Amino acid sequence: QVQLVESGGGLVQAGGSLRLSCATSGSIFSINTMYWYRQAPGKQRELVAQITSGGITNYADSVKGRFTISRDNAKNTLYLQMNSLKPEDTAVYYCNFVVRKYYSASSIDSYWGQGTQVTVSS
């Protein structure tokens, strides 16, 4: 079964930086779009950033200019560079990959990581 393994979360002070990583385990044919979501206590899960297989990126307004999403296709790994962190960035961050598991075009599915905690102190 395809699994996503996240790393890089932790505790930082406001204004600090952190880089999250998310890598696949298991067999896949290709990865389409990669996403970062986050969920703060008492809040709905929200989309933070996404990157297509062609490298086209989009960001939530709240993180534009501070976060950078990138991918390493050779390693099937997704990254989120987070700079100028704010307390409101505190959340559990989840990666999500839309993948094509087999050659068949009907094998497209979505997989989630388990989440990594990011805490930004004032």
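For the range 40-50, enumerate the residues that are of a type in the set (Lys, Arg) and within 15 Å of the chain's Cα centre (by Cα). Matches in the range 40-50: ARG45 only.
Can you say whether LEU85 is farther than 28 Å from GLN1 by Cα, of a type in the set (A, V, I, L, M, F, W, C) and open to solvent by less than 30 Å² (accessible area, probe 1.4 Å), as far as the supplied structure shows? Judged against the criteria, LEU85 is a match. Is the range 18-36 home to any residue that is farther than 19 Å from GLY113 by Cβ and in contact (Cβ under 8 Å) with a residue 24 or more places away in the chain? Checked against the condition, which is being farther than 19 Å from GLY113 by Cβ and in contact (Cβ under 8 Å) with a residue 24 or more places away in the chain, the range 18-36 yields at least one hit.
All conditions but one from (1) open to solvent by 70 Å² or more (accessible area, probe 1.4 Å); (2) touching a residue at least 40 places away in the same chain (Cβ under 8 Å) apply to ILE56; the one that does not is (2). Just so you know, in the range 71-80 the residues that are touching a residue at least 40 places away in the same chain (Cβ under 8 Å) and open to solvent by 60 Å² or more (accessible area, probe 1.4 Å) include one that is nearest to SER7 (Cα to Cα), and it is LYS75. Within the range 88-122, the set of residues being surrounded by fewer than 18 Cβ atoms within 10 Å (Cβ to Cβ), part of a strand (DSSP E or B) and among the aromatic types (Phe, Trp, Tyr) comprises just one member, TRP112.
Residues checked against (1) among the hydrophobic types (A, V, I, L, M, F, W, C); (2) under 12 Å from the mean Cα position of the chain (by Cα):
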{"site": "CYS22", "(1), (2)": "yes, yes"}
{"site": "ILE31", "(1), (2)": "yes, no"}
{"site": "ARG38", "(1), (2)": "no, yes"}
{"site": "ASP61", "(1), (2)": "no, no"}
{"site": "LEU78", "(1), (2)": "yes, yes"}
{"site": "GLN81", "(1), (2)": "no, yes"}
{"site": "GLU88", "(1), (2)": "no, no"}
{"site": "ASN96", "(1), (2)": "no, yes"}
{"site": "VAL99", "(1), (2)": "yes, no"}
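The values are calculated or read from the model by the stated rules, or taken from the named source; none is laboratory data. All of these numbers come straight from a predicted model, not from anything done at the bench. Counting neighbours? That spans all protein chains shown, and the Cβs are built from the backbone with ideal geometry, glycine included. In case anyone asks, the SASA skips ligands and DNA or RNA and just uses the protein heavy atoms, side chains included. Shrake-Rupley method; radii C 1.70, N 1.55, O 1.52, S 1.80 Å.
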